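Report on one structure; see the data block that follows.
The values are calculated or read from the model by the stated rules, or taken from the named source; none is laboratory data. Owing to the predicted nature of the structure, the values given are computational and were not obtained by experimental measurement. Reconstructed Cβ throughout: ideal geometry from the backbone, glycine too, with neighbour counts over all protein chains shown. Quick note on the areas: whole protein, heavy atoms, side chains included, nothing else; ligands and nucleic acids left out. Shrake-Rupley method; radii C 1.70, N 1.55, O 1.52, S 1.80 Å.
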Protein chains: 2
Amino acid sequence: MLSKNEVKYIQSLYHKKQRIQEGLFVAEGIKLVNEFLASNFIVHTVYTLQENMPINIGDVNCKIVTQTELQSISNLQTPNGMLAVVQQQTPSTQPVFTNKLTLVLDGIQDPGNMGTILRIANWFGITQIIASNNTVEIYNPKVVQSTMGSIIQTKVWYKDLPIFLQSISIPIYGAVLNGASIYTTPKPKEGILIIGNEGNGISNDVLPFITHAITIPKIGEAESLNAAVATGIILSHLV
Amino acid sequence: MLSKNEVKYIQSLYHKKQRIQEGLFVAEGIKLVNEFLASNFIVHTVYTLQENMPINIGDVNCKIVTQTELQSISNLQTPNGMLAVVQQQTPSTQPVFTNKLTLVLDGIQDPGNMGTILRIANWFGITQIIASNNTVEIYNPKVVQSTMGSIIQTKVWYKDLPIFLQSISIPIYGAVLNGASIYTTPKPKEGILIIGNEGNGISNDVLPFITHAITIPKIGEAESLNAAVATGIILSHLV
């Protein structure tokens with residue numbers, strides 16, 4: 001049985017301040033928790049329904065819970081059989097830019113967009129993301145869930161973008177409204193692609209660093225594309 | 001002041017059954033409501049904060065409400081200044097397939113995905129969507145909101161897909177896991193693109209109608225792409 005304190009403690013991890021203080025986050029779902037168990041992330045505790053008990057749990061602390069208990073610690077409307085408290089990872093190395101496309105996120109706010117962008121990046125083989133300090137935190141529970149596991153393969157650094165971009169000497173692509181068409185942009189061997197905030201695009205102190213302003217040409221009437229969709233389309237043309 | 005009955009009536013339109021019975025739906029937000037007012041949709045009633053009163057309201061019934069009243073009839077966590085009850089439209093004509101790409105949705109379930117797909121379609125100039133009968137209803141409030149206005153320009157027909165596809169003699173593209181690469185697929189002058197359900201893809205009774213099975217080649221490790229993102233990527237290569 002879970003103690004009241006343990007329930008409270010897990011619930012507290014749905015708040016950013018507490019997550020940062022504890023260096024932990026929550027991942028939910030049978031598939032996702034098993035992926036974390038098989039990864040190099042350190043899983044602190046697994047909470048699982050009896051029938052979903054992982055086979056290769058090793059020496060990870062594992063507690064059998066009831067459906068009601070799982071509900072009490074879950075952040076999902078419909079808890080999915082298993083939940084884990086996992087240790088956050090900060091990349092131990094700096095990003096490498098040779099023969100790679102690196103994604104830079106400038107103020108992505110929506111956790112669903114952030115998670116979807118990690119999933120898209122992973123689909124296109126991008127393993128490095130640099131996020132501005134005001135981009136949503138990757139260990140936000142909605143980000144973790146919407147990455148569908150891609151959070152495990154992707155390294156994310158939070159940086160002051162103007163300072164970071166000053167040091168970059170490879171092509172810097174930026175998704176803007178009046179750039180060159182992505183349909184005629186040659187695929188770069190290495191480069192950086194900057195995606196801006198959902199409402200305001202790339203911020204004014206980042207814009208001057210763009211060496212290749214690019215655009216998805218509009219044929220119809222929609223005012224804009226969702227940031228994650230735009231990321232997917234651009235990557236499909238640049239990678 | 002709004003009567004209890006009026007509040008209840010608007011709230012009832014957040015249920016599909018009631019929406020179908022009344023032939024009405026709710027749209028929220030200053031920008032979106034003004035777009036509906038300027039469109040050929042029939043707006044029944046506008047509920048607005050005093051300061052947002054539309055200028056060109058014509059003879060549309062308009063009620064000034066307080067923030068608390070707006071909250072009581074809104075489906076959003078943060079109501080955005082204005083709400084309208086609007087009459088549903090069923091396309092009065094049948095789809096036309098000459099010199100056009102038409103999108104076919106086979107069982108899209110998530111309202112956010114559905115709305116985003118309408119927005120993407122509109123970006124790429126696609127004005128016709130055929131949806132299977134089990135696809136989420138376009139007048140679902142979350143669909144309406146996430147189309148960001150693109151619901152106005154797009155005609156959506158709900159049809160029995162196998163019966164509909166039997167009559168089609170132009171190329172039928174289907175997004176599947178093991179098709180030809182979208183990077184080498186020639187752009188069609190006219191055709192149909194089928195996007196399947198988020199989890200299960202295109203259904204078994206629709207698959208046989210595909211004449212061109214296509215795929216977004218995967219470079220990295222993500223298991224799948226979000227249905228809306230996949231739609232955006234494919235359209236950017238086919239249109």
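Got at least one residue in the stretch A:137-155 being touching a residue at least 60 places away in the same chain (Cβ under 8 Å) and farther than 30 Å from A:Ala84 by Cα? Checked against the condition, which is being touching a residue at least 60 places away in the same chain (Cβ under 8 Å) and farther than 30 Å from A:Ala84 by Cα, the stretch A:137-155 yields no hits at all. Scanning the stretch B:86-103 for residues that are open to solvent by less than 10 Å² (accessible area, probe 1.4 Å) and more than 13 Å from the chain's Cα centre (by Cα) yields a total of 2. Per the conditions (1) part of a strand (DSSP E or B); (2) open to solvent by less than 40 Å² (accessible area, probe 1.4 Å); (3) within 14 Å of chain B (Cβ to nearest Cβ), the sole criterion not satisfied by A:Gly179 is (3). When the stretch B:206-239 is filtered for residues that are among the hydroxyl-bearing types (Ser, Thr, Tyr) and outside any helix (DSSP H, G or I), the ones remaining, listed by number, are B:Thr211, B:Thr215, B:Ser224.
The set of residues in the stretch B:37-52 being closer than 20 Å to B:Glu6 by Cα and either of a type in the set (A, V, I, L, M) or not in a strand (DSSP E or B) (or both) consists of B:Ile42, B:Val43, B:Val46, B:Leu49, B:Gln50. Taken over the stretch A:214-225, the criterion of being touching a residue at least 40 places away in the same chain (Cβ under 8 Å) and in contact with a Gly (Cβ under 7 Å, 6 or more places away or on another chain) is satisfied by A:Ile214, A:Thr215. For the stretch A:104-131, the candidate set comprises residues that are open to solvent by less than 10 Å² (accessible area, probe 1.4 Å) and in a helix (DSSP H, G or I); within that set, the residue that is nearest to the other protein chains (Cβ to nearest Cβ) is A:Asn122.
When each of B:Thr231, B:Thr147 is tested for being out of contact with any strand residue (DSSP E or B) (no Cβ under 9 Å at 6 or more places or on another chain), buried (at least 22 other Cβ atoms within 10 Å of the Cβ) and either at pLDDT 95 or above or within 14 Å of chain A (Cβ to nearest Cβ) (or both), the lone residue that passes is B:Thr147. Just one of the numbered conditions (1) among the aromatic types (Phe, Trp, Tyr); (2) open to solvent by 20 Å² or more (accessible area, probe 1.4 Å); (3) outside any loop (DSSP other than H, G, I, E, B); (4) closer than 16 Å to A:Val144 by Cβ is not true of A:Tyr9: (4).
Listed here are the residues, each with its yes/no results for (1) under 19 Å from the mean Cα position of the chain (by Cα); (2) within 30 Å of B:Leu207 (Cβ to Cβ); (3) among the aliphatic types (A, V, I, L, M).
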{"residue": "B:Val26", "(1), (2), (3)": "yes, no, yes"}
{"residue": "B:Gly29", "(1), (2), (3)": "yes, no, no"}
{"residue": "B:Asn56", "(1), (2), (3)": "no, no, no"}
{"residue": "B:Cys62", "(1), (2), (3)": "no, no, no"}
{"residue": "B:Ile73", "(1), (2), (3)": "no, no, yes"}
{"residue": "B:Thr78", "(1), (2), (3)": "no, no, no"}
{"residue": "B:Asp110", "(1), (2), (3)": "yes, yes, no"}
{"residue": "B:Asn113", "(1), (2), (3)": "yes, yes, no"}
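The residues listed here are B:Gly23, B:Gly81; of these, the one that is loosely packed, with under 15 Cβ neighbours inside 10 Å and not polar (S, T, N, Q) is B:Gly23.
Which residues, counting only those in the stretch A:157-172, are open to solvent by 10 Å² or more (accessible area, probe 1.4 Å) and either part of a strand (DSSP E or B) or of a type in the set (Lys, Arg) (or both)?
Of everything in the stretch A:157-172, those that are open to solvent by 10 Å² or more (accessible area, probe 1.4 Å) and either part of a strand (DSSP E or B) or of a type in the set (Lys, Arg) (or both) turn out to be A:Trp157, A:Tyr158, A:Lys159.
Among the residues of the stretch A:183-223, those that are surrounded by fewer than 16 Cβ atoms within 10 Å (Cβ to Cβ) and facing chain B (nearest Cβ under 10 Å) comprise A:Tyr183, A:Pro217, A:Lys218, A:Ile219, A:Glu221, A:Glu223.
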